[in-house]
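A short write-up of the structure that comes next.
The values are calculated or read from the model by the stated rules, or taken from the named source; none is laboratory data. Here the structure is a predicted model, which means the values were calculated and not measured. Neighbour counts are summed over all protein chains in view; Cβ atoms, including those assigned to glycine, are modelled from backbone coordinates with ideal geometry.
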Amino acid sequence: MTEWAYLFKTGIALFAIVNPIGSIPIFISATSSWDKKARAHTANIVAITVFTVLTIATFIGNDILNFFSITIPSFQVGGGILILLMSINMMHGKQSHASQTPEEAQNLVDREAIAIVPLSIPLLAGPGAISSMIIAAEKSTNLVNHASLTIPVAVVAALVWITLRLSANIANKLGTIGMNIVTRLMGLILAAMSIEFIAHGLTGLFPQLVSS
């Protein structure tokens with residue numbers, strides 16, 4: 001019972017960090033020029049990527065970071081810069097047809113790349129989610145408990161998939177004007193989020209900035 005309670009607690013915390021509901025406007029903006037089938041395919045890739053990344057983080061995340069001498073603060077700064085670049089494009093309306101040809105919009109490789117970066121990483125499976133699973137894994141006492149952490153990861157990934165699949169209906173109801181408004185508004189919010197990511201990362205990299 002204690003183990004299930006711990007998994008439930010871990011799942012709730014992970015869901016709050018990943019925040020699939022908050023990603024709906026971002027997902028709609030990033031896939032505004034795509035048809036319903038393309039969005040559904042992208043949602044599948046995002047859910048699979050989130051599950052894969054967080055599972056890897058659970059089992060060998062700490063080892064990978066140590067191997068490449070990468071710290072969570074460095075990951076936060078890098079992810080923040082990536083999100084900032086995306087937010088600038090969104091605020092300039094570069095998610096529309098004006099920024100890409102129909103052929104580019106239908107390019108399966110480009111869609112899958114967007115599904116992985118930045119939709120999956122770092123927006124959903126970002127530094128917070130990865131670090132939380134690494135910490136949870138370190139608290140596991142044996143291999144069975146360690147492996148059981150994939151349960152909350154799978155549940156959260158499933159919720160991500162459901163949320164993004166439903167977002168296609170939302171996009172249809174918003175229309176072109178609604179999509180333009182959402183794109184620019186979310187671009188502004190994403191810019192603020194990216195600054196927060198970068199600020200937290202710099203604080204971890206340079207703690208003297210806080211004490212000074």
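Give segment 157-173 a look and list any residue that's surrounded by fewer than 16 Cβ atoms within 10 Å (Cβ to Cβ) and modelled with pLDDT under 85, or say none.
N169, I170, N172, K173
If a residue must be touching a helix residue (DSSP H, G or I) at 6+ places or on another chain (Cβ under 6 Å) and outside any helix (DSSP H, G or I), how many such residues does segment 49-71 contain?
0
For a quick check of your reading of the model, give me the residue pairs whose first member lies in segment 8-19 and is under 10 Å from A136 (Cβ atoms), whose second is among the small types (G, A, S) and buried (at least 18 other Cβ atoms within 10 Å of the Cβ), with beta-carbon atoms closer than 6 Å and at least 6 apart or on different chains.
That search, which allows pairs on different chains as well, returns T10/A136.
Please find, within segment 73-99, the residue that is modelled with the lowest pLDDT out of those that are among the polar types (S, T, N, Q) and in contact with a Ser or Thr (Cβ under 7 Å, 6 or more places away or on another chain).
Here is the first cut: in segment 73-99, the ones among the polar types (S, T, N, Q) are 74, 76, 87, 89, 95-96, 99.
Okay, now just the ones that are also in contact with a Ser or Thr (Cβ under 7 Å, 6 or more places away or on another chain), so 87, 95-96.
Numbers: S87: 77, Q95: 46, S96: 40.
Checked segment 73-99; the qualifying residue modelled with the lowest pLDDT is S96.
Just to be sure I understand, how many residues within segment 158-200 are polar (S, T, N, Q), within 19 Å of A38 (Cα to Cα) and under 16 Å from the mean Cα position of the chain (by Cα)?
Here is the first cut: in segment 158-200, the residues polar (S, T, N, Q) are 163, 167, 169, 172, 176, 180, 183, 194.
If we keep only those that are within 19 Å of A38 (Cα to Cα) as well, we get 163, 167, 169, 172, 176, 183.
Now restrict to residues that are under 16 Å from the mean Cα position of the chain (by Cα): 163, 167.
The qualifying residues number 2.
Between S32, S74, S87, which is hydroxyl-bearing (S, T, Y), in contact (Cβ under 8 Å) with a residue 60 or more places away in the chain, surrounded by 14 or more Cβ atoms within 10 Å (Cβ to Cβ) and not in a helix (DSSP H, G or I)? Spell out how you get there, then give the answer.
On the way: S74 fails: not in a helix (DSSP H, G or I); S87 fails: not in a helix (DSSP H, G or I).
Sole residue among the options that is hydroxyl-bearing (S, T, Y), in contact (Cβ under 8 Å) with a residue 60 or more places away in the chain, surrounded by 14 or more Cβ atoms within 10 Å (Cβ to Cβ) and not in a helix (DSSP H, G or I): S32.
Here are L202, L185: which of them is surrounded by 13 or more Cβ atoms within 10 Å (Cβ to Cβ) and over 24 Å from D63 (Cα atoms)?
On the way: L202 fails: over 24 Å from D63 (Cα atoms).
None of the others qualify; the one that does is L185.
Residue by residue, here is whether (1) part of a helix (DSSP H, G or I); (2) free of Cβ contacts under 8 Å to residues at least 12 places away in the same chain; (3) closer than 13 Å to G11 by Cα holds:
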{"site": "V156", "(1), (2), (3)": "yes, no, yes"}
{"site": "N169", "(1), (2), (3)": "yes, yes, no"}
{"site": "A191", "(1), (2), (3)": "yes, no, no"}
{"site": "F197", "(1), (2), (3)": "yes, no, no"}
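Only one of A43, A16 is surrounded by 17 or more Cβ atoms within 10 Å (Cβ to Cβ) and in a helix (DSSP H, G or I); which? First the steps, then the outcome.
On the way: A16 fails: surrounded by 17 or more Cβ atoms within 10 Å (Cβ to Cβ).
When all the criteria are applied, what remains is A43.
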